[in-house]
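Below is one structure; the comments refer to it alone.
The values are calculated or read from the model by the stated rules, or taken from the named source; none is laboratory data. This structure is a prediction, so every number in the text was calculated from the model and none was measured. Because the Cβ atoms are built from the backbone with ideal geometry, glycine has one as well, and the counts that use them run over all protein chains shown.
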Amino acid sequence: MRNFKNIRPTNEKINKELENVFYQNQLNDLDNIDVDINHLEKIFTNETYYLAMKIVPLLERKVLYLAYVENVRLNDICRRLKLPKKQVIVLKNKAIIHFKNNLNTLTKATGGGKNV
């Protein structure tokens, strides 16, 4: 009689495969996240804030969206975007700086009040 033990996957292998499928689905969902005009309109009712965020680079915007709107933890953002922690932190910081700079520029251009 043959030994079929090597053919049957272990629980660990099954769990690992399920985890891989889950994270791949999460990545697909991330690619399908509409982090553009539609979501920004729902998040920012102030037109100046909306425009300031709209011109933040897409990857930076995704990081901010996941961190602040979806409330996703840093490790999970890294896993979803397939990026190291350091790079995600840099992207998040750049996004905040870009948003603030954009907001200041738009505020000045529209004759608005104080700077951020």
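Observations, loosely collected:
- One residue stands out among those in segment 67-79 that are at pLDDT 90 or above and either among the hydrophobic types (A, V, I, L, M, F, W, C) or not in a loop (DSSP other than H, G, I, E, B) (or both): the one that is surrounded by the fewest Cβ atoms within 10 Å (Cβ to Cβ), which is 75.
- Put simply, of 72, 63 the only residue that is touching a residue at least 12 places away in the same chain (Cβ under 8 Å) and touching a helix residue (DSSP H, G or I) at 6+ places or on another chain (Cβ under 7 Å) is 63.
- Count of segment 50-60 residues, restricted to those that are surrounded by fewer than 18 Cβ atoms within 10 Å (Cβ to Cβ) and touching a residue at least 12 places away in the same chain (Cβ under 8 Å), is 6.
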